[in-house]
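Just below is one structure, and these are the notes that go with it.
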Amino acid sequence: MVKTTNLRAVIVDDDEFCCVQLQDVIARKVRSIDILAVCNSAEEGIEMIQQLSPDIVFLDVEMPGMNGFEMLKKLQAINFEIIFITAHDHYAIRAIRFSAIDYLLKPVDATSLQEALDRVIEKKRKHIEIPQRQLEIVNHPAGKQMDNLAVPTMEGLLFISLQDIVSCESDDKYTMIFLADKKKVVASRTLGDFEEILSKHGFFRIHKSYLINLKHLRKYLRGEGGQVVMSNGATLDVSRRKKEELMELVSQF
């Protein structure tokens, strides 16, 4: 029987109670992780990460002096997987922009932790390298049109030009992204996650299941909610409550 090598992890969180709770969940429920160090500040976290080269960093978002996102920007390279630990789910979108494997809400439960670790293990099994371009979107100047989107897939990060995205369709906890060249990408994030990122860049949620790029809208078909025809030929339903807002947006486009 082949012995599986445990994942090597560093915890960075100023809340000592949360550090203890996470270690307890790992010890009792998830035995495939070796905790190399527990750091109670971002500065200590940087030092330990550079010294120990972990596979995973469990990183708190809110820390005094330097938060988790600021800490990552100070690292020369991110050659480890990131699992954010936070008490507030509104940090989820920023976590995605940092190409985190996942973000977990405090207190961390064993099921959510194991699901995140399964994604890490799957990437390691397929020998997928961690892209070093993952900070480009995070450092994008505020208020400037975003050109590319880092899309987390089971195979790794895929960088897609926004102008190539025709529409996005919900598939439970995943999202299917349809491109202008008729290709389809399955992303391991929800449609709501993409809506929050893309709604400021010419995309509109026409239905609970669909988010469209208005630049690829070719025709509107009248009806109770109506339908839209996209540049790739797809016909998508518009919900009744979104119809008026869509018409207003189209008139300004």
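Derivation of every value follows stated rules applied to the coordinates shown; laboratory data play no part. Computed from a predicted model, the values in this text were never measured in an experiment. Counting neighbours? That spans all protein chains shown, and the Cβs are built from the backbone with ideal geometry, glycine included.
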Counting Lys +1, Arg +1, Asp -1, Glu -1, what net charge surrounds L52 among other residues with beta carbon under 11 Å of its beta carbon?
-2
Over region 148-252: Rg over Rh, Cα atoms, Kirkwood Rh
0.95
Cα→Cβ-extended label distance, 7 Å offset, between A77 and E16, nm
3.5
Derived scalar couplings ³J(HN,Hα) [region 158-169; Karplus, 6.51 cos²θ - 1.76 cosθ + 1.60; whole Hz; x for Gly, Pro]
10, 9, 10, 5, 4, 5, 8, 8, 8, 7, 10, 10
Which residues qualify? For V166, with a placed amide H closer than 5 Å and at least 5 residues away or on another chain, they are F178, L179, A180
The base-10 log of I(q)/I(0) that the Debye equation returns for region 7-125 at q = 0.10, 0.17 Å⁻¹, one scatterer per C-alpha, is -0.24, -0.76
